[in-house]
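*Asks:* My structure is below; once you've seen it, I'll send some questions.
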C-alpha cells in the first residue's frame, strides 16, 4: 500500500473528510460536486440558455401486449429520475420537467422508427412555441427549439426495450450496473446517406454503419444477420461459429457489397447450403 496521507487515514476520519469536502468549481446545490458533473446544473444551464421554461423527453409507447409491464416501466423511470435529482439536490429542476407520453394503441402499436420520427418532427415544429412562449413575449420573439434534447430526440419503447427495462434490469433500488435496460433514442433530423446532401458524392466511411432501423438495403440486411449470429454465439446457441468469426464478417461487409447496388433489388441466399436446407418435390427436383 502506498505510504501517503490517504493510506494512513482511518475509515471514520475518511468519512469526516468527505463530509467536509468541497469540489473544484462547486455548484450551489451540492458543493461536493463540480458544476460540470452535476446533471441538475447542466440541465438548468441548457433550458436557461434556450429561454425555455420546461424540459424532458417525449416518449412513444409502441408495444401494447401487457399494460402491467408498461406501468412498471414508468414506475422505474420515475424512480430513477427522482433518485438522480435527489442526489444532485435538483428538486427545482425536477419541478420544471415535462414528459410527453404518446400512448395510443390504434396509432402507435408496432410503429417503426421511420413512422415515429416523422410524427415527432411534426409535433416538435409546433410544440416549442406552445410550451415555451412566455406570456409577456411578443409574437416577433417566438421561442425556438434551441439545443433542447426535448425537440431533437424522442424515446421509443418497443417490445424488446420494454422487456430489457422490466425483466433484464434489476428493480429499484438495485442499480443496473450491467446496463441491461435500454430504450431506442431517435434523432429527429437523421437522414439515410442516400438522402443526406452532406454525403453527396462521398464514399462511405468503412468504420461507420447505417442504423439497422434505417431502411431495407442489402447492407442493413447483412448487418442484421451478423448481429443475430453474434447474439446466438454469446448465448451459446450457435456452436458452429466463434465470436471472432462474426466480428471479422462485420468488418468485411463493405469489402464485398457493391455500393451502387445497395438500394437495388437483391436476392436472399441461404448461407448454410447443406442437404437439410434443400427443398425438393416428389421427383427430387429442387424447389427451394
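The numbers here are math on the coordinates, done by the rules we state, and not lab data. Everything numeric here is computed off the predicted structure, so don't read it as measured data. For neighbour counting, all protein chains shown are included, and Cβ atoms are generated from backbone atoms with ideal geometry for every residue, glycine included.
*Asks:* From the square roots a ≥ b ≥ c of the eigenvalues of the alpha-carbon gyration tensor of the range 18-191, which class results: rounded (a/c under 1.5), prolate (a/b over b/c), or oblate?
*Replies:* It comes out oblate by the Cα gyration axes.
*Asks:* On a full-extension model of 0.36 nm per residue, what is the gain between residue 71 and residue 221, subtracting their alpha-carbon distance, rounded to one decimal in nm?
*Replies:* So the chain would gain 50.6 nm between residue 71 and residue 221.
*Asks:* Could you sort 42-49, 98-105 so that the peptide with the highest average Cβ count within 10 Å comes first and the rest follow in order? Before the final figure, lay out the partial values.
*Replies:* Details: 42-49: 15.6, 98-105: 14.1.
Output ranking for 42-49, 98-105: 42-49, 98-105.
*Asks:* Okay, next question. Compute the distance in nm between two label points, each set 7 Å from the Cα along the Cα-to-Cβ direction, one at residue 126 and one at residue 86.
*Replies:* Distance between the two pseudo-spin positions: 3.9 nm.
*Asks:* While we're looking at this one, here's another question. Please compute the modelled spin-label separation between residue 179 and residue 282, points set 7 Å along Cα→Cβ, answer in nm with one decimal.
*Replies:* The modelled label-to-label distance comes out at 5.8 nm.
*Asks:* Which whole-angstrom value gives the distance between the alpha carbon centres of the range 153-192 and the range 40-85?
*Replies:* 12 Å
*Asks:* Taking neighbour Cβ counts within 10 Å as the exposure measure, how do 79, 151, 284 sort from fewest upward?
*Replies:* By the 10 Å Cβ count, ascending: 284, 79, 151.
*Asks:* Relative contact order of the range 18-191: what whole-number percent is it, with Cα pairs under 8 angstrom and at least 6 residues apart?
*Replies:* 27 percent
*Asks:* Still on this structure, please answer the following. Out of all DSSP beta bridges with both ends in the range 18-191, state the antiparallel percent to the nearest 5.
*Replies:* Of all bridge pairs located within the range 18-191, approximately 45 percent are antiparallel.
*Asks:* Across 10 Å bins from the origin, how do the percents of Cα pairs in the range 94-138 run, short distances first?
*Replies:* 20, 44, 27, 9, 1
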